[in-house]
1. Go through segment 204-229 and report how many residues are under 14 Å from residue 75 (Cα atoms) and assigned to a loop (DSSP other than H, G, I, E, B).
2. Do you know which of the residues in segment 113-137 that are part of a loop (DSSP other than H, G, I, E, B) and touching a strand residue (DSSP E or B) at 6+ places or on another chain (Cβ under 7 Å) is most open to solvent (accessible area, probe 1.4 Å)?
3. If you check every pair at least six apart or on different chains, which have Cβ atoms under 6 Å apart with a residue in segment 110-121 that is at negative phi and without any contact (Cβ under 8 Å) to a residue 40 or more places away in the chain first and a residue that is open to solvent by 30 Å² or more (accessible area, probe 1.4 Å) and not aliphatic (A, V, I, L, M) second?
4. Can you name the condition, by its number, that residue 175 falls short on among (1) more than 30 Å from residue 113 (Cβ to Cβ); (2) in contact (Cβ under 8 Å) with a residue 60 or more places away in the chain; (3) small (Gly, Ala, Ser)?
5. Has segment 179-193 got any residue that is surrounded by 18 or more Cβ atoms within 10 Å (Cβ to Cβ), in a loop (DSSP other than H, G, I, E, B), under 15 Å from the mean Cα position of the chain (by Cα) and at negative phi?
6. Taking the conditions exactly as written (open to solvent by 40 Å² or more (accessible area, probe 1.4 Å), under 21 Å from residue 159 (Cβ atoms) and among the polar types (S, T, N, Q)), does residue 34 satisfy them or not?
7. Search segment 38-61 for residues that are open to solvent by 60 Å² or more (accessible area, probe 1.4 Å) and pair each with any residue that is of a type outside the set (A, V, I, L, M, F, W, C) when their beta-carbon atoms are under 8 Å apart and the residues are at least 6 apart or on different chains.
8. Is it the case, given these coordinates, that residue 24 is open to solvent by 90 Å² or more (accessible area, probe 1.4 Å), within 30 Å of residue 105 (Cβ to Cβ) and of a type in the set (Lys, Arg)?
Amino acid sequence: MTHPELPHLELLAEVDSLAEAMARWADSAPDWESARACRALIRRLGQRVHAIRVRLEAPLVVATLGGTGTGKSALVNALVGAEVTQVGRWRPTTRRPVLVCRPDITPEMLSIDPGSVEVVHRDTPAMANVALLDCPDPDTTEQPDAVGTNLAQLRGLLPHCDVLLVTSTQQKYRSARVADELAAAAAGARLVFVQTHADVDQDIRDDWRSVLGDHYASGRIFLIDSLAALADAQGG
C-alpha cells in the first residue's frame, strides 16, 4: 500500500460505516407510521450510498470530445500506449464508441449501457485508475435529434464522464457544433484542452484561448503529436 492510497481507503471506510449505521437504524426502527416512512427513506438512501461506494472504487472516466479528424482516437492510443482504436484524420472514423479499461471494469460499473460501447481491456499501469472513452464526432451531417446517430451516442455518454479531453486543430477550433456540445457537457466534467496534429499545424493555442473566452478556465492548453507520442510509448 502506498501513502496516497490511505486517504482513499479512509474515505471508503467512512462510506461503509455510514451504510452500516443506516442499515442498523432501518432494521431497529419502531413499527409506527412515521418510523415506517423514515425507514423507507433510509433504505432508499442506503441504495444511493451503495452506488456512491461503487463509483468511488471505479476509475476516472476520461472521454474525448472534438470535431471530425481532430485526433481523438490517436490521442487515446497515445495515452494507452497501444493501438486500441482506429485512427483517421480526414473522415469520421469512430462510429461506435470505444471504452478502454482494466479487465476488472465493466461498463455497468461506470453507469454506461454495455450495449452502447465496444469494450477493449488493457491491463497496463496507464489504465490503473482511468477508463478512456473514444467518442464519436459531434460535427457530422446527421440530423441532430435522430436516434442512433453519432451525436445521439455522444450525448448519451458524456453525462457519465469525469474528464473531457477537448481536442481541436488549426482547422477545427472554431467549430460551432463542437462548441454547442461542449457547452452542454462542460458543467458536469473537468475540461482539458488539447491541440493535436502538432506535426503539421501552426500553434493556435493563444487564439483558441481567446475563442474560449470567459466561458471556460482553459488553463494550460496542450500541444500534442499523438502519433509520435504513441511511437515513443511503444518504444519505451
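1. Matching residues across segment 204-229 total 2.
2. That would be 129.
3. From segment 110-121, the pairs are 118/96; 121/103.
4. Among (1) more than 30 Å from residue 113 (Cβ to Cβ); (2) in contact (Cβ under 8 Å) with a residue 60 or more places away in the chain; (3) small (Gly, Ala, Ser), the lone unmet condition for residue 175 is (1).
5. yes
6. It is false that residue 34 is open to solvent by 40 Å² or more (accessible area, probe 1.4 Å), under 21 Å from residue 159 (Cβ atoms) and among the polar types (S, T, N, Q).
7. 55/111; 60/129; 60/162
8. So residue 24 fails the test.
The values are calculated or read from the model by the stated rules, or taken from the named source; none is laboratory data. Values in this document were obtained by computation on a predicted structure and should not be read as measured data. Note that we place each Cβ from the backbone using ideal geometry, even for glycine, and neighbour counts take in every protein chain shown. For the accessible areas, the whole protein counts, side chains as well, though only heavy atoms, and no ligand, DNA or RNA atoms are used. Shrake-Rupley method; radii C 1.70, N 1.55, O 1.52, S 1.80 Å.
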